[in-house]
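Worksheet: one structure, shown below.
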Amino acid sequence: MGKTIVVVDDEKEIADFIEMYLVNEDFEVKKFYDGTSALEYIEKYNVDLALLDVMLPDTDGFKMLKEIREKFNFPVIMLTAKTDYMDKITGLTLGADDYIPKPFNPLELVARVKAQIRRYTSYNEAYKGDTEYIEYRGLELCKDTHRAVYNGEELVLTPIEFSILWILCDNRGKVISSEQLFETIWGEKYFKNSNNTVMVHIRHIREKMHEPAGKAEFVKTIWGVGYKVE
């Protein structure tokens, strides 16, 4: 079987629908109708990606996402009937890699799943330098283990967050534009609102590094241009 996808949705018809399309693409699908059962599975077995419904009978997808991000870095895509922009920001801030509102086109969902898994398994090829290890200003990054340590504290980073830090540190002293970051890491064409996506991930990185709001010392914003580490 192929990569393992965990699908969490309390609407059985939707879970079955998603499973049918993913299995046709040679993914192994594990379906759950509540968050507790899904988390128990994730704790015991290897998972390559999770599709989480926001509204669940025993919890909500955001709480579940938060628990996953405390230990795991695999991609997470949020599924929801809600179209509130703040829900999307909440998901991205908590570490979601993508966000798909219901109803969705199943072919688009499959394409996004494939894109996230491709990024997760090959992110270390993006902006590839000569080194697989970076140590700079108290930050240690190791590609092979996806490990990040800052001032002695281990950072639990999503693949996207790790890639952003790697690119900025590997090009320290240079300004990397939001467009460069987005098109390199997300692998998609950059549009105006793509900048918001990059900003959310930068903010999340700063929070994990305990950088005070408005006084970032490690990842600096060059207004109207992009970001840099120096």
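Structural remarks
- Qualifying residue in the range 181-192 (condition: surrounded by 17 or more Cβ atoms within 10 Å (Cβ to Cβ) and not in a helix (DSSP H, G or I)): yes
- Elements of type helices (runs of 4 or more DSSP H) in the range 68-175, at least 1 residues being at pLDDT 85 or above: 106-122, 159-170
- Of all residues in the range 14-41 being β-branched (Val, Ile, Thr) and closer than 20 Å to residue 80 by Cβ, the one that is surrounded by the most Cβ atoms within 10 Å (Cβ to Cβ): 18
- Residues in the range 153-186 that are among the aliphatic types (A, V, I, L, M) and more than 12 Å from residue 208 (Cβ to Cβ): 160, 167, 168, 175, 176, 181, 185.
- On the stretch given as the range 28-49, residues that are touching a Phe, Trp or Tyr at 6+ places or on another chain (Cβ under 9 Å), over 13 Å from residue 68 (Cα atoms) and not charged (D, E, K, R) total 1.
- Only listed residue being assigned to a loop (DSSP other than H, G, I, E, B) and on the phi < 0 side of the Ramachandran plot, chosen from 58, 26: 58
- The single residue among 21, 41, 45 that is of a type in the set (Phe, Trp, Tyr), in contact (Cβ under 8 Å) with a residue 40 or more places away in the chain and farther than 25 Å from residue 103 by Cβ turns out to be 45.
- In this structure, residue 222 does not satisfy being within 15 Å of residue 165 (Cβ to Cβ), touching a strand residue (DSSP E or B) at 6+ places or on another chain (Cβ under 7 Å) and not basic (Lys, Arg).
- Members of the range 17-34 that are farther than 20 Å from residue 111 by Cβ and among the acidic types (Asp, Glu): 34
The values are calculated or read from the model by the stated rules, or taken from the named source; none is laboratory data. Just so we're clear, the structure is a prediction, and the values are computed from it rather than from any experiment. Neighbour counts run over all protein chains shown; Cβ positions are idealised from the backbone, glycine included.
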